[in-house]
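Data block below; observations after.
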Amino acid sequence: MTSPTVVYGRGIELRGAGGGRMNRYPMFNPQLLNSFVSVCDTMSFTRAAERVSLSQSTVSQQIRRLEEMLGKPLFERSSHQVQLTEEGVKLLGYARRIIALNEEAHDALTGLWRDGVLRLGMPEDYTVPTAELLAVFSREHPYLRLDVASGLSADLHNAYAREELDLILVKQRRRQPPRAARPEPLLWLDSLAFPAIEQAPVPLAVFPPNGLYREELCQALDALGRRWRVGYSSASLAALMAASAAGLGVTLLPAGCRLPSHRILGEAEGLQPVTDFELAVYYREGAADAVATLAERLIAFCGLEA
């Protein structure tokens, strides 16, 4: 009996007893991809481990297995933060789609979600306020699965463009007309007790590169001739709120993010109001009735105008 042969290269060649062959790429393990996506969403191995109910060492081992499989690093690690490499960014989109397709296949075969899946994306700070609205909608559509993704608006826009999301509520600089929008008031925020604006260089608390408001913050200080440095970076809005209030850096965030321990900066510090951002809803022409219904409720809840 002829033993199967494995040839490593671009793919894997399997040769059976009958002489037939078929090429296969190494298969991605959905569990590894799930841990990878969780690290990407939280930018923390510790928080990712909590999300997938595994130990931090197990999640780290799973990421190493993916990196060994691909022969490329997926993250740049330091003592302060975790950043995706270019290869990690490429894998993230595929990982989300593989996981979603796996879930969709399971649901389709079990018949539990016979009305399908509605994929909604929104910023982190809207997940809690909209929970009751989504609960009511879910009770009205018991056979429709609601998948909610939260994250940076740029990532949500990209996922929507790849048709990985059906409906998005996003923050953005004013652009092509969305379905509905309203201005998003922003505030320059600093610590009341430990003002970062008085330091030189000025530390900033910002989203990762390409995150909202980061460029505006840096450009404003450049225009003032103030030297600055990134003192704190996080993809979590709640983390930026707490960090800036604690004195880790000046930040620019929606007005609703102001804490009692924040100091509002403005014209006295040479910082002008930022007025060209908006909260917007997008969904496609011909969307399912459930998508349009949920969009209308989000528009009303957020006070958007068509």
TODO: May I ask you to list the residues in segment 165-182 that are assigned to a loop (DSSP other than H, G, I, E, B) and crowded, with 17+ Cβ neighbours inside 10 Å?
DONE: LEU165, ASP166, PRO178, ARG179
Task: Odd one out for GLN83 among (1) part of a helix (DSSP H, G or I); (2) in contact (Cβ under 8 Å) with a residue 40 or more places away in the chain - done: (1)
- [ ] For segment 26-79, name all the residues that are more than 17 Å from the chain's Cα centre (by Cα) and assigned to a loop (DSSP other than H, G, I, E, B).
- [x] PRO26, MET27, PHE28, ASN29, SER53, LEU54, SER55, GLY71, LYS72, PRO73, SER78, SER79
TODO: May I ask you to list pairs of residues, at least six apart or on different chains, whose Cβ atoms are under 8 Å apart, with the first in segment 51-65 being over 20 Å from SER78 (Cα atoms) and the second being at pLDDT below 90?
DONE: ARG51/ASP41; ARG51/THR42
Task: Verdict on ARG214 being within 20 Å of the chain's Cα centre (by Cα), closer than 22 Å to GLU305 by Cα and open to solvent by 40 Å² or more (accessible area, probe 1.4 Å) - done: no
TODO: Check whether at least one residue in segment 152-162 is open to solvent by less than 70 Å² (accessible area, probe 1.4 Å), over 25 Å from LEU259 (Cα atoms) and among the aromatic types (Phe, Trp, Tyr), and report yes or no.
DONE: yes
TODO: Kindly indicate whether any position in segment 280-295 is polar (S, T, N, Q) and open to solvent by less than 20 Å² (accessible area, probe 1.4 Å).
DONE: no
Open item on the list: So the check is Cβ under 6 Å with 6+ separation or different chains; which pairs have a first residue in segment 267-280 that's closer than 23 Å to GLY225 by Cβ and a second one that's in a helix (DSSP H, G or I)?
Closed with: GLY270/LEU224; LEU271/ALA220; VAL274/GLU216
- [ ] Count, please, the residues in segment 120-157 that happen to be in a helix (DSSP H, G or I) and aromatic (Phe, Trp, Tyr).
- [x] 2
Task: Filter result (assigned to a loop (DSSP other than H, G, I, E, B), in contact (Cβ under 8 Å) with a residue 12 or more places away in the chain, of a type outside the set (A, V, I, L, M) and open to solvent by 30 Å² or more (accessible area, probe 1.4 Å)) within segment 183-200 - done: PRO185, PHE194
- [ ] Could you identify the single residue in LEU74, LEU118, LEU91, LEU84 that is buried (at least 17 other Cβ atoms within 10 Å of the Cβ) and in contact with a Lys or Arg (Cβ under 8 Å, 6 or more places away or on another chain)?
- [x] LEU118
- [ ] Count, please, the residues in segment 201-222 that happen to be touching a residue at least 40 places away in the same chain (Cβ under 8 Å) and more than 14 Å from LEU240 (Cα to Cα).
- [x] 4
Open item on the list: For segment 257-279, which positions are open to solvent by 30 Å² or more (accessible area, probe 1.4 Å) and of a type in the set (Asp, Glu)?
Closed with: GLU267, GLU269, ASP276
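The values are calculated or read from the model by the stated rules, or taken from the named source; none is laboratory data. Just so it is clear, the structure is predicted and the values come from calculations on it, not from any experiment. Every residue, glycine among them, receives a Cβ derived from its backbone with ideal geometry; neighbour counts consider all protein chains shown. We work out accessible area using only protein heavy atoms, side chains counted, and drop any ligands, DNA or RNA first. Shrake-Rupley method; radii C 1.70, N 1.55, O 1.52, S 1.80 Å.
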